[in-house]
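The values are calculated or read from the model by the stated rules, or taken from the named source; none is laboratory data. Here the structure is a predicted model, which is why all the values come from computation and not from measurement. Heads up, the Cβs are rebuilt from the backbone with ideal geometry, glycines too, and the neighbour counts pull from every protein chain shown.
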Amino acid sequence: MNSPATGSHTALLQERVDGLAWDKLHDELDARGFAVTAPLLSTRETQDLSDLFAAGRFRATIDMARYRFGDGRYRYFDHPLPDAIAELRGAFYPHLAPIANEWSGRLGGDPGAFPLEHEDLLTRCRAAGQERPTPLILRYGAGDWNALHQDLYGDVFFPFQVLTVLSEPGVDYEGGEFVLMEQRPRAQSRAHVITPPRGAFVIFPTQQRPNAGKRGDHRVGVRHGVSTVTRGRRTALGIIFHDAR
């Protein structure tokens, strides 16, 4: 995909997200618990986003080794979010909210648990004292990794998040696969190991997903992380839809 030559950059990002094969992505989420989009970002756009690691405005920088989260660093963007990240956050949300409500109903919860507009979710976050933005950029060098975890940040959280790798696998880095670990009831855990194309987005559960069984849907816990980078440097962008305390 080439960078757009004319028109609004952010509007074009919105159009690209709207143009995804959402019925197919919905089916993949139901069947596997995660989905991978077609590449949405051009090489130039991924490089521009990667450059924000040094040039962006951040509210916090986390050294993962210090907190025993793994090795590497990640940085939470501050308000106002960079235009492209704010646009992607707002573009993905209305497509994921109906699926989130469907999953809530399948798990015995409220089938209208999540508002259909992202701003309404952020209003709920503010009411719960969650006002700090959560989109983040992560950078790993050789030997770095990220422990399995969940990004909840408070009482209000959205059940999906998205991630794009801004580096070229096999060229800029090796290893560093994205790992999803399912904790299945009364069964061994199951791992999914994913190497998405540069500029594609992985859609995955924040905490849990429904899984169809013989007696109906049951709850499967999900954590995510990154395997060890064996060569080079890997930079990724994570978009979380709820804000943090």
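Some observations on this one:
- Residues of region 163-206 classified as small (Gly, Ala, Ser), modelled with pLDDT of 95 or more and out of contact with any strand residue (DSSP E or B) (no Cβ under 7 Å at 6 or more places or on another chain), total: 1
- A single entry from Ala244, Ala191, Ala187, Ala236 fulfils the requirement of being of a type in the set (A, V, I, L, M), closer than 19 Å to Asp151 by Cα and without any contact (Cβ under 8 Å) to a residue 24 or more places away in the chain: Ala191.
- Output for region 57-91, where each listed residue is assigned to a loop (DSSP other than H, G, I, E, B), crowded, with 18+ Cβ neighbours inside 10 Å and out of contact with any helix residue (DSSP H, G or I) (no Cβ under 9 Å at 6 or more places or on another chain): Met64, Gly72
- Among residues of region 92-110 that are in contact (Cβ under 8 Å) with a residue 60 or more places away in the chain and buried (at least 17 other Cβ atoms within 10 Å of the Cβ), those with a beta-carbon under 7 Å from a residue that is part of a helix (DSSP H, G or I) and not aliphatic (A, V, I, L, M) at least six positions away or on a different chain give the pairs Tyr93/His118; Ile99/His26.
- Criterion violated by Leu12 - all others in (1) touching a Pro at 6+ places or on another chain (Cβ under 6 Å); (2) modelled with pLDDT of 95 or more satisfied: (2)
- Of the residues making up region 120-127, at least one is buried (at least 19 other Cβ atoms within 10 Å of the Cβ), aliphatic (A, V, I, L, M) and over 13 Å from the mean Cα position of the chain (by Cα).
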